[in-house]
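What follows is a single structure, written as structure tokens, with notes after it.
The values are calculated or read from the model by the stated rules, or taken from the named source; none is laboratory data. Owing to the predicted nature of the structure, the values given are computational and were not obtained by experimental measurement. All Cβ positions, even for glycine, are placed from backbone atoms using ideal geometry, and neighbour counts span all protein chains on display.
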Amino acid sequence: MILVMLGTQNNSFKRLLKELDKLKENKVIREKIIVQAGYTKYKSDNLEIFDFIDKDTLDKYQSKADLIITHGGVGSIVSSIIKDKKVIAVPRLKEHNEHVNNHQLDIVESFSNNEYIIGIKDVKELEEAYKKVKDFKPKKYTPNNSKIIKIVEDFIEMC
């Protein structure tokens, strides 16, 4: 099963769903695709689309998924890679009115360069990324909480 997470941004990300729909229609992708679409309104006979999925159900879908395809949001990426999931991330782009700027390009590039995910810059690269994901071995992600712990410890000592 493939889980697609578009987050809760109030901007549409139809480009990604159209590309997934095409890949499913052309039988490039044969697995079931479940979509957490947020504010993206899209109809498809090939994708099982939910506007919003409650946290517990989304967590179950993430745990069960063989692959997660997501927008370039840090929360969606990190919550997937800490579950040791293979992730393809596609940034929302300002020029398509999907976000206020292109910061998701940097986020996706950073996680991709560190070999946690397969990051692509445009939905047109999705088919190639999907074909690569079978052999992709993501690097184990371990959150670095040491900085926040140090800040909290310093604050406690001052009190």
**Q.** Every pair of residues 6+ apart whose Cβ atoms lie under 8 Å, when the first sits in the range 1-24 and is on the phi > 0 side of the Ramachandran plot while the second is modelled with pLDDT under 95
**A.** GLY7/GLY38; GLY7/HIS71; GLY7/GLY73; GLY7/GLY75; GLY7/SER76
Q | Considering residues of the range 122-143 that are more than 24 Å from VAL28 (Cα to Cα) and surrounded by fewer than 14 Cβ atoms within 10 Å (Cβ to Cβ) only, the residue modelled with the lowest pLDDT | A | PRO143
(Q) Show the residue pairs meeting these rules: Cβ distance below 8 Å; 6+ apart or different chains; first residue within the range 93-111 and in contact (Cβ under 8 Å) with a residue 24 or more places away in the chain; second residue buried (at least 18 other Cβ atoms within 10 Å of the Cβ) and of a type in the set (Phe, Trp, Tyr). (A) GLU98/PHE13
Q: Looking for whichever is without any contact (Cβ under 8 Å) to a residue 40 or more places away in the chain, out of contact with any strand residue (DSSP E or B) (no Cβ under 8 Å at 6 or more places or on another chain) and of a type outside the set (Phe, Trp, Tyr) here; the options are VAL78, VAL74, VAL35. Which one fits?
A: VAL74
Q) When the range 50-93 is examined, which residues are found to be hydrophobic (A, V, I, L, M, F, W, C) and within 21 Å of LYS124 (Cα to Cα)? A) LEU67, ILE68, ILE69, ILE77, VAL87, ILE88, ALA89, VAL90, LEU93
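This table checks each residue for (1) closer than 21 Å to LYS32 by Cβ; (2) surrounded by fewer than 16 Cβ atoms within 10 Å (Cβ to Cβ); (3) of a type in the set (Gly, Ala, Ser).
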position	(1), (2), (3)
SER79	yes, no, yes
LYS86	yes, no, no
HIS103	no, yes, no
ILE120	no, no, no
Q) Which of the residues that make up the range 42-70 are assigned to a loop (DSSP other than H, G, I, E, B), over 23 Å from ILE82 (Cα atoms), at pLDDT 95 or above and out of contact with any helix residue (DSSP H, G or I) (no Cβ under 8 Å at 6 or more places or on another chain)? A) LYS43, ASP45
